[in-house]
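Computed from the coordinates by the stated procedures, all read-outs in this text should not be read as laboratory data. Everything numeric in this text was worked out from a predicted model, so none of it was measured. Glycine also receives a Cβ, built like all others from the backbone with ideal geometry; neighbour counts cover every protein chain displayed.
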Amino acid sequence: MMSRLRLRIERKSRRRAAAAYAGLVLIAGSASLFACAETPEAETEHLYEPAELEPIKGTDVQRVIFTAEGAERTGLETAPIRQNGDKKIMPYAAVIYTPDGNEYAYTSPEPLTYVRQEIEIDRVDGDSVMLSDGPPAGTKVVTVGAAEVWGTEFEVAH
């Protein structure tokens with residue numbers, strides 16, 4: 001009687017051990033397959049570029065061309081430079097100051113395309129700047145996201 005009981009316990013133990021082992025093999029196998037497999041989303045994400053750079057011949061400036069999705073994610077907004085008498089006025093938010101002390105604005109000559117242009121500020125008046133030199137009135141300048149466009153042009157990572 002004792003040997004039958006022992007046999008049953010050994011069989012149950014072997015079955016449980018085999019089931020546990022099979023479960024571990026399945027878990028380990030699927031984990032390694034999952035880790036090695038690239039999903040289409042991961043592949044697309046890896047290749048996705050929100051903008052491309054196009055050098056402007058004869059200058060140190062690059063044209064920054066965003067995709068529609070890249071511009072939307074960045075939240076880019078523009079506003080036109082206004083004329084008031086002999087002064088051109090643009091939003092102060094459009095001004096980019098570089099470490100060497102130069103002042104720039106990103107113009108938008110066509111949709112989703114941005115070009116850095118040097119400006120000269122005559123004076124700051126609240127949220128606006130009066131330009132003594134820069135793009136003509138009517139030119140659209142980046143008012144939201146200018147720092148991101150600069151970072152994209154100079155390939156500065158966060």
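Here are the numbers for this structure:
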read-out: Where labels lie 7 Å past Cα in the beta-carbon direction, separation of residue 156 and residue 92 in nm; value: 2.0
read-out: Inter-label distance, nm, simple model (7 Å from Cα along the C-beta direction), residue 102/residue 147; value: 2.1
read-out: Bins of 10 Å, starting at 0 and running to the largest distance - Cα pair percent for segment 118-158; value: 24, 45, 28, 3
read-out: Cut-off 12 Å between beta-carbons: net charge of the residues surrounding residue 103, Lys and Arg +1, Asp and Glu -1; value: -4
read-out: Residue 121 long-range amide H proximity, modeled H, under 5 Å; value: 132
read-out: Cα→Cβ-extended label distance, 7 Å offset, between residue 48 and residue 130, nm; value: 4.6
